[in-house]
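A.B. asks: Following this message is one structure expressed as structure tokens.
The values are calculated or read from the model by the stated rules, or taken from the named source; none is laboratory data. As the structure is a computational prediction, the values presented were derived from the model and not from experiment. Here Cβ is always computed from backbone atoms with ideal geometry, including for glycine, and neighbour counts include all displayed protein chains. For the accessible areas, the whole protein counts, side chains as well, though only heavy atoms, and no ligand, DNA or RNA atoms are used. Shrake-Rupley method; radii C 1.70, N 1.55, O 1.52, S 1.80 Å.
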Amino acid sequence: MLELRDIRKIYLPGTPDENMIFDSFNLEVPTGQFLSIIGSNGSGKTTLLNLVCGSLIPEKGQILLDQRDITYQPEHLRARRIGRVFQDPAKGTAATLTVLENLSIAANKGKPYNLGRGVAKASEAVFAELLAPLDMGLENRLHQRCGTLSGGQRQALALLMSTMTRPDILILDEHTAALDPKSSETVMRLTQQLVAARGFTVLMVTHNLRHALRYGDRLLMMHEGAAILDRSGQAKEDLALQEVLDLFNNISIEAGN
């Protein structure tokens, strides 16, 4: 269970540009739930993810993971239990390293440092087997630099890497927004497969309403730091695209490709 209790977050406090994003914000995400988060720019979506990951600290409130207070836990320690995929495919992989080298780094995440081979020859077959289901031919490109891959290939690789150590929580920060329609659908299909197979708790921020309605078992719509719609289970399944669009009124959101 992930819990945010009575969260207050202010940007540039005490300055003329002070901006309160959250004030007494509360959210509970049960273990294994796939939560899709939508909302207008400035509604607090990315701030929420950054608070969970530890790249931001709230001015007030608590963040708990399985009843353990992680509010002030450093980001690098939270990363042992939280995987994250960013909007920019370049952020999830090292461009100058090969596919094999990137996977080796991801596989060693959280392990103690010692002297030894960074890339084990025996790992090639294991990694090729992991890559094959992506259906992108990456299993045949283990020695190719990631910087030469397409955006869709890099994002699929980043998604796989973020889940290799089986984190408790998977954070998807608009992870299909920078992709073309075909690659976007491919990455979402892979996301669904990984989540179904491994049962992660997922927080996915997206501007694509069709993805938000199709994927996940709970939908949260945010506006000005508050949840204006929260539906799960059958109530989410019963939501229609037009109904959600009408609720937004003048809130700009992409309805999908």
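A.B. asks: Based on this model, can you work out whether T96 counts as among the polar types (S, T, N, Q), surrounded by fewer than 16 Cβ atoms within 10 Å (Cβ to Cβ) and part of a loop (DSSP other than H, G, I, E, B)? Steps first, answer last, please.
C.D. replies: Values: among the polar types (S, T, N, Q): yes; surrounded by fewer than 16 Cβ atoms within 10 Å (Cβ to Cβ): yes; part of a loop (DSSP other than H, G, I, E, B): yes.
Against the criterion (among the polar types (S, T, N, Q), surrounded by fewer than 16 Cβ atoms within 10 Å (Cβ to Cβ) and part of a loop (DSSP other than H, G, I, E, B)), T96 qualifies.
A.B. asks: Regarding V187, is this residue in contact with a Phe, Trp or Tyr (Cβ under 7 Å, 6 or more places away or on another chain), buried (at least 18 other Cβ atoms within 10 Å of the Cβ) and among the hydrophobic types (A, V, I, L, M, F, W, C)? Don't jump to the end; show me each part of the working.
C.D. replies: On the way: in contact with a Phe, Trp or Tyr (Cβ under 7 Å, 6 or more places away or on another chain): no; buried (at least 18 other Cβ atoms within 10 Å of the Cβ): yes; among the hydrophobic types (A, V, I, L, M, F, W, C): yes.
No, not satisfied.
A.B. asks: Is it the case, given these coordinates, that I38 is crowded, with 21+ Cβ neighbours inside 10 Å, of a type outside the set (K, R) and touching a helix residue (DSSP H, G or I) at 6+ places or on another chain (Cβ under 8 Å)?
C.D. replies: Judged against the criteria, I38 is a match.
A.B. asks: I'm checking my understanding of the structure. Among residues of segment 22-70 that are more than 17 Å from I171 (Cα to Cα) and of a type in the set (S, T, Y), which one is modelled with the lowest pLDDT?
C.D. replies: Only one residue tops the list, namely S40.
A.B. asks: Take the residues of segment 1-33 that are in contact with a Gly (Cβ under 6 Å, 6 or more places away or on another chain) and open to solvent by less than 10 Å² (accessible area, probe 1.4 Å): which is farthest from A226 (Cα to Cα)?
C.D. replies: I7
A.B. asks: Here's something else I'd like to know. For segment 161-176, enumerate the residues that are within 22 Å of A94 (Cα to Cα) and within 12 Å of the chain's Cα centre (by Cα).
C.D. replies: Step one: filter segment 161-176 for residues within 22 Å of A94 (Cα to Cα), giving 161-167, 170-176.
The answer is S162, T163, P167, L170, I171, L172, D173, E174, H175, T176.
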